[in-house]
Amino acid sequence: MVQKVYVTYNQVHKLCQEAAVTILNEFKPNLMIAIGGGGYVPARILRSFLKTPGSPNIPIQAIGLSLYESLGTDTEVEEPGTKVTRTQWLDLSSLEMSNLIGKNVLIVDEVDDTRTTLEYAVRELQKDVEIAAKNLGRSAEETKFSIFVLHNKDKEKKGTLPKDVLEGNRYIAAVTLPDVWINYPWEAVDIDEHDRQAAQQTVQQ
Ligand SMILES: O=P(O)(O)OC[C@H]1O[C@H](OP(=O)(O)OP(=O)(O)O)[C@H](O)[C@@H]1O
Ligand SMILES: Nc1nc2[nH]cnc2c(=O)[nH]1
């Protein structure tokens, strides 16, 4: 049986708050791209903590990527599928894409498990920004991607990330934990029971 960890809304909030300090110091993002569904809530919380006096809120754009599905009898633990499915993407021809060119773009997701989803997101976004920049004659402008996740699982990864992201301190995981199944509050059917389970845990995330 897979070990489960229950994470509360308050814990997510505080993880975002703590990480925001480093994100502001190291990345100075102009824009966030949330990987839905799990990246939406962290991105929104993070936006409040990334707001600096006198500057507008950092915009959040969304992409939808799906790899996992519920297959077994356990309604909480899901299994990875074989390929990443795009459920939502940026419009290549629109402002959405040209807005990324020359910017510091922070990709936000809740969990880095096998790294398949993050590899896909970074590779495809880099590719599309490069095409858009070329089409607009803006290839000289450097677009920098960085990554924030709430949880990174310390395990052998299937996906890889560009060297400049990993080695350039452009990857931040608020918490690194062993290979357990994490239950997030937004997935809970009974949030009171979820919070009770979280309170009973010996290890707090
Ligand atoms: O590191 P990986 O092994 O790729 O797993 C991480 C991804 O898995 C989950 O998405 P999921 O496919 O469950 O889609 P969802 O967020 O819409 O539920 C999660 O939100 C991450 O995006
Ligand atoms: N909720 C949830 N989704 C995941 N997707 C990949 N790993 C996980 C996990 O541990 N928890």
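Is it the case that the range 182-192 has a residue that's part of a loop (DSSP other than H, G, I, E, B), touching a helix residue (DSSP H, G or I) at 6+ places or on another chain (Cβ under 6 Å) and not acidic (Asp, Glu)? Looking for residues that are part of a loop (DSSP other than H, G, I, E, B), touching a helix residue (DSSP H, G or I) at 6+ places or on another chain (Cβ under 6 Å) and not acidic (Asp, Glu), one finds at least one in the range 182-192, hence yes. In the range 29-55, which residue that is small (Gly, Ala, Ser), in a loop (DSSP other than H, G, I, E, B) and surrounded by 21 or more Cβ atoms within 10 Å (Cβ to Cβ) is nearest to ligand 2 (Cβ to nearest atom)? So, considering only residues that are small (Gly, Ala, Ser), in a loop (DSSP other than H, G, I, E, B) and surrounded by 21 or more Cβ atoms within 10 Å (Cβ to Cβ), the one nearest to ligand 2 (Cβ to nearest atom) is 38.
Here's the yes/no breakdown for (1) more than 12 Å from ligand 2 (Cβ to nearest atom); (2) closer than 20 Å to residue 198 by Cβ; (3) not hydroxyl-bearing (Ser, Thr, Tyr):
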residue: 14; (1), (2), (3): yes, yes, yes
residue: 20; (1), (2), (3): yes, no, yes
residue: 24; (1), (2), (3): yes, no, yes
residue: 27; (1), (2), (3): yes, no, yes
residue: 57; (1), (2), (3): yes, no, yes
residue: 76; (1), (2), (3): no, yes, yes
residue: 79; (1), (2), (3): no, no, yes
residue: 82; (1), (2), (3): yes, no, no
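Determine, yes or no, whether residue 62 is in contact with a Gly (Cβ under 7 Å, 6 or more places away or on another chain), aliphatic (A, V, I, L, M) and within 28 Å of residue 129 (Cα to Cα). It is true that residue 62 is in contact with a Gly (Cβ under 7 Å, 6 or more places away or on another chain), aliphatic (A, V, I, L, M) and within 28 Å of residue 129 (Cα to Cα). Pairing residues of the range 101-123 that are in contact (Cβ under 8 Å) with a residue 12 or more places away in the chain and over 15 Å from residue 161 (Cα atoms) with residues that are outside any strand (DSSP E or B) and within 16 Å of ligand 2 (Cβ to nearest atom), at Cβ distances under 7 Å and at least 6 apart in sequence or on separate chains, gives 110/38; 110/39; 110/42; 110/184. Using the structure shown, decide if residue 138 is surrounded by fewer than 17 Cβ atoms within 10 Å (Cβ to Cβ) and part of a loop (DSSP other than H, G, I, E, B). In short, yes. If you filter the range 146-189 down to residues that are away from ligand 2 (no atom under 16 Å from the Cβ) and of a type in the set (D, E, K, R), you find that the one that is nearest to the chain's Cα centre (by Cα) is 170.
Only the coordinates and a few stated rules stand behind these numbers; no lab work does. What you are looking at is a predicted structure, and each value in this text was computed from that prediction instead of being measured. No Cβ is skipped: glycine too gets one built from the backbone with ideal geometry, and neighbour counts run over all protein chains shown.
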